[in-house]
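First up is the structure itself, then whatever we jot down about it.
We did not get these values from a lab; they are worked out from the coordinates using the rules stated. Bear in mind the structure is a predicted one, so any value in this text is a computation, not a measurement.
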Amino acid sequence: MLANSWASGLLFATTLALAIEAAVALEIAFAVAMAVDLVVDLVVAVVAVVVAVAVVVAVVVAVALALSIALVFLGHRKTVEGGGLWVHGTLSAMDGATEPTRTYLRRVP
């Protein structure tokens, strides 16, 4: 009878030790999974920030390029009188006149 209770106690102790080892292994696996999840979240956040910065840089470069092109083409324009309109396309009071005021007073060099 004593051997039977001793074997039963040993079986219980072994089962308990295996259960504790399984629980510890499960806790370790859970902790590793949480750490991997945190690392993945961190990598995703860093990638999102890098993409946002790249978009901002691209927009700034596009605006700078557009402004430089605009300055090249629209920078300095001479305003020379044309027929009914000015060359740069604006209307003035003299555009409708047959003979602009005081042109007859100008001396020809």
Per residue, the convex hull volume that the Cα atoms of the stretch 2-78 enclose (Å³): 31
Net length gained if the chain between Leu18 and Leu42 were fully extended (0.36 nm per residue, minus Cα distance): 5.1 nm
Fully extended contour minus Cα-Cα distance, from Val32 to Val61, at 0.36 nm per residue: 6.1 nm
